[in-house]
Amino acid sequence: MRVTVIDYKAGNLTSVLKALRHLGAEPEVTDGDLSLVESAGRLILPGVGHFAATERLDSNGLTSAIRVAIARGVPFLGICVGMQWLYAGSSEAPNQPGLGHFAEKCTRFADSKEKVPHVGWNSLEVRKDSRLLTGVEPGEFVYFTHSYKAPVTADTAAVTYYIEPFASAVERANVMGVQFHPEKSGATGLKILGNFLSWERK
Amino acid sequence: MITKRIIACLDVHDGRVVKGVQFVDLIDAGDPATQAARHAREGADEIVLLDITATHEGRQTLLDTVRRTARELFVPFAVGGGIRTADDAAQVFEAGADKVSVNSAALADPTLINAIGRSFGAQAVVVAIDARRDPEAADPVREAQVFVQGGRKPAGRRVVEWAREAEDRGAGEILLTSMDSDGMRTGFDCELTAAVSEAVGIPVIASGGAGTVDHFVDVFGRGKADAALAASIFHFGVSSARSLKEELAKAGVSVRLPC
């Protein structure tokens, strides 16, 4: 199965590609081939690192190409910073807009006695009608590593608790995002990536 | 709820897992890829591979080992040993590691932390600190000293201060090894771990001294550790990360179970 992974030079893609291949997909990587993005069958935007790195998506035209693909109904999955980018922006880089598909903004965890970044395995409270998280049972864990997070809204597909409740997954029709790293979350993560790979428009 | 991590550590020499106390009397303990997969299957939350070869010829072997180990590993995977430059780190990431652990090279040139963090994100940089209490100091814990060369040579830095600098430079986690406790199986240095954990805002992984399940309970409680490295405990009665975590859960520690 064909899936296009967008490389915007924010961290390494090896783990994501490895997990996709393990699931039988044939990932192709692009850092600027707009026609490949517009015609993609499925799109994944990974990313670890700084929100400012998403500037590259604007400067080489990928943002518009992604908009075209999403409007066409292509299943889209943002991972970590890739999920945050689906929102209007992040206080990590206030001058860098996100896609704005979800209207809210991402913010840093509030100051507390807890460590930031939030690193480690945490659980998910899954919204019942989530298609991305189908089959994820209470008590399953996924791996997080991040300092910024999205707020809980009607589009939130899963809530996780750390310092405060935040959106660990978001989902509206064909546009999905996960704050955790499914490629590093053992069997649970592979199940979620598998759900994305088999997502079809109803 | 965030859980405490049990990290399985593999010491690797010339492409093979080795066991030994303080890097002496090494015994062959198998293939890294096989051992890493086994630990992941048996409930480890993360895998660390520490290369103790540290020779130039060993570099290529290490990259091959990382590549083979990462191939079918779907939990976080950190690699340390012999990473001296941002280019070294880039090669290790390219081979499939999620994090690199830097130690003496970061002490020699602290900007290495900034450089790796800039390219790969703070979450990808673990700063490993080998520490010894300073028995001469007024406060042996707070004035504990950083050591290099397997705990033989003082680096001229205080542990707490170096951990803070590492955080400021963009480290994502601290891997703190007590050289006083390492290999002793008398427990982690909880006072030292707590001192570092309270001094920084990033997670601290405790290492050195584990001999029993209670030692882990202690370091997660009193020691305020966010994660703990488990190596030799798996050779002494506790059969797997899963059984260790089951015992920890009974003692009230929040861990990833079932796993």
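Would you confirm whether or not the range A:140-151 contains a residue that is more than 12 Å from chain B (Cβ to nearest Cβ), under 30 Å from A:A52 (Cβ atoms) and surrounded by fewer than 20 Cβ atoms within 10 Å (Cβ to Cβ)?
yes
Among the listed residues A:V152, A:V116, A:V136, A:V142, which satisfies the condition of being aliphatic (A, V, I, L, M) and part of a strand (DSSP E or B)? Before the answer, list the steps.
Working: A:V152 fails: part of a strand (DSSP E or B); A:V116 fails: part of a strand (DSSP E or B); A:V136 fails: part of a strand (DSSP E or B).
On inspection, the qualifying residue turns out to be A:V142.
Working carefully through the options B:E72, B:E94, B:E57, find the one that is closer than 27 Å to B:F234 by Cβ, of a type in the set (D, E), surrounded by fewer than 24 Cβ atoms within 10 Å (Cβ to Cβ) and at pLDDT below 95.
Working: B:E94 fails: closer than 27 Å to B:F234 by Cβ; B:E57 fails: closer than 27 Å to B:F234 by Cβ.
Step by step, each of B:E72, B:E94, B:E57 is checked, and only B:E72 is closer than 27 Å to B:F234 by Cβ, of a type in the set (D, E), surrounded by fewer than 24 Cβ atoms within 10 Å (Cβ to Cβ) and at pLDDT below 95.
Which of the residues belonging to the range A:1-23 are within 14 Å of chain B (Cβ to nearest Cβ), part of a loop (DSSP other than H, G, I, E, B) and not acidic (D, E)?
Here is the first cut: in the range A:1-23, the ones within 14 Å of chain B (Cβ to nearest Cβ) are A:7-23.
Then drop every residue that is not part of a loop (DSSP other than H, G, I, E, B), which leaves A:7-13, A:23.
A:Y8, A:K9, A:A10, A:G11, A:N12, A:L13, A:L23, listed by residue number.
When the range B:31-46 is examined, which residues are found to be within 11 Å of chain A (Cβ to nearest Cβ) and closer than 17 Å to B:V100 by Cα?
If the condition is that a residue be within 11 Å of chain A (Cβ to nearest Cβ) and closer than 17 Å to B:V100 by Cα, then B:D45, B:E46 are the ones that fit.
How many residues are within 14 Å of chain A (Cβ to nearest Cβ), aliphatic (A, V, I, L, M) and buried (at least 17 other Cβ atoms within 10 Å of the Cβ) when one looks only at the range B:230-252?
2
Quick check on my filter: what residues within the range A:172-202 are in a loop (DSSP other than H, G, I, E, B) and within 10 Å of another protein chain (Cβ to nearest Cβ)?
A:H181, A:S185
Out of all the residues in the range A:119-162, which are hydroxyl-bearing (S, T, Y) and touching a His at 6+ places or on another chain (Cβ under 9 Å)?
Scanning the range A:119-162 gives A:Y143, A:T145, A:S147, A:T160, A:Y162.
Hey, could you check the range B:163-178 for residues that are buried (at least 23 other Cβ atoms within 10 Å of the Cβ) and over 14 Å from B:A227 (Cα atoms) and say which is nearest to the chain's Cα centre (by Cα)?
Only one residue fits best here, namely B:S178.
Looking only at strands (runs of 3 or more DSSP E) that fall completely inside the range B:125-221, which ones have 3 or more residues that are free of Cβ contacts under 8 Å to residues at least 24 places away in the same chain?
In the range B:125-221, B:153-158 are the strands (runs of 3 or more DSSP E) which contain 3 or more residues that are free of Cβ contacts under 8 Å to residues at least 24 places away in the same chain.
Residue-by-condition table, conditions (1) over 21 Å from B:I113 (Cα atoms); (2) out of contact with any Ser or Thr (no Cβ under 8 Å at 6 or more places or on another chain):
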{"residue": "B:A131", "(1), (2)": "no, no"}
{"residue": "B:R142", "(1), (2)": "yes, yes"}
{"residue": "B:V148", "(1), (2)": "no, no"}
{"residue": "B:A171", "(1), (2)": "no, yes"}
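The values are calculated or read from the model by the stated rules, or taken from the named source; none is laboratory data. Remember, predicted model here, so these are calculated numbers, not experimental data. We place every Cβ from the backbone using ideal geometry, glycine too, and count neighbours over all the protein chains shown.
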